[in-house]
1. Treating only the Cα positions of segment 164-238 as identical point scatterers, give the base-10 log of I(q)/I(0) from the Debye formula at each q in 0.17 Å⁻¹.
2. Cα centroids of segment 53-98 and segment 169-215: how far apart, whole angstrom?
3. Hey, if you drop one equal point scatterer on each alpha-carbon of segment 45-181 and run the Debye formula without solvent, what base-10 log of I(q)/I(0) do you get at q = 0.10, 0.11, 0.13, 0.19 Å⁻¹?
4. Report D for segment 120-260 in µm² per second (integer): Stokes-Einstein, Kirkwood Rh on Cα pairs, 10 °C, 1.306 mPa s.
5. Cross-chain or 8 or more residues apart, Cα under 19 Å: how many lysine pairs in segment 62-197 fit that? Count them up, please.
6. Give me the net charge of residue 209's neighbourhood, meaning all other residues with Cβ under 11 Å from the Cβ of residue 209; Lys, Arg count +1, Asp, Glu -1.
7. State the Cα centre-to-centre distance between segment 216-250 and segment 1-43 in whole Å.
8. Roughly how many nanometres apart are two label points built 7 Å out from the Cα toward the Cβ at residue 70 and residue 159?
Amino acid sequence: MKELRVSCVQSSIEWEDKLRNLTHFYSLISQLKGKSDVVVLPETFTTGFSMKASHLAETIEEDTIKTIKSWAQEFGFAIAGSFISKEDNNTLYNKAFFVTPEGDTYFYNKRHLFRMGEENKVFSPGDTYSIINYKGWNIRLIVCYDLRFPVWIRNKNNEYDLLICVANWPKARAKVWSSLLVARAIENLCYVCGVNRVGEDGNGLKYQGDSLIIDYKGNALAEAINDEESLLTVSVNKDKLNDFREKFPAWKDADDFTVL
């Protein structure tokens with residue numbers, strides 16, 4: 001598929017209230033039926049960035065992923081985001097997901113845990129990632145603080161075409177968020193979709209959004225209005241990306257390395 005329609009859902013999140021958040025996000029994404037191929041929600045979209053994870057966590061068999069699967073099937077597009085997850089041994093993860101209309105599910109456990117918010121004291125870090133193939137596009141997921149670590153995200157031999165970053169990135173560091181999204185697009189010769197929340201959380205932190213879809217040259221294709229709930233949709237083009245990679249093959253000169 002040459003063209004892929006990607007949508008950002010920038011919204012406030014009700015603190016630790018799964019039912020209200022699921023109801024609200026359903027009302028938002030329902031507006032995108034027939035208009036999108038991939039819809040991206042913010043990090044921990046059902047709870048906010050809460051460290052009360054033990055009573056908020058779910059397995060991938062419980063309500064959040066069941067609901068996402070039903071939405072993807074109903075609306076006919078893939079859905080990405082993250083939620084507070086637990087494994088059978090009660091290990092907790094900030095788990096990103098990508099769910100297709102056909103019911104295929106892909107997961108990624110956030111690797112870089114935000115120690116300034118004591119996330120590292122509550123959650124376990126992930127140590128692997130996968131490349132998702134969807135409609136002929138190779139897609140990689142990261143979560144919020146991961147964005148600061150370019151070695152982990154490095155696009156070796158163009159293994160992915162679209163990088164999706166879901167976040168709860170505070171307003172106080174808004175410039176850093178937008179700058180890093182642009183940098184990751186340029187250095188990795190890929191499209192980048194960054195989705196952040198708005199509003200205020202239960203800890204008093206404020207978020208202004210700044211959700212963006214960026215091309216492989218660092219140009220913003222779509223930008224959300226600060227401090228407002230909004231839906232963005234833009235078509236990204238695989239042929240244009242491949243043409244640029246051929247004309248400017250900086251990826252061929254990248255340093256080889258292994259992440260331990």
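Just so it is clear, none of the values below were taken in a lab; they were calculated from the coordinates. This structure is a prediction, so every number in the text was calculated from the model and none was measured. A quick note on method: Cβ atoms are made from the backbone with ideal geometry, for glycine too, and the neighbour counts reach across all protein chains shown.
1. Rounded to two decimals, the profile gives -0.59.
2. Between the Cα centre of segment 53-98 and that of segment 169-215, the gap is 22 Å.
3. Scattering profile of segment 45-181, log10 relative to I(0): -0.33, -0.40, -0.57, -1.20.
4. Diffusion coefficient, whole number: 99 µm²/s.
5. Within segment 62-197, the lysine pair count is 11.
6. It works out to a net charge of -2.
7. That distance is 19 Å.
8. Computed distance between label sites residue 70 and residue 159 equals 3.6 nm.
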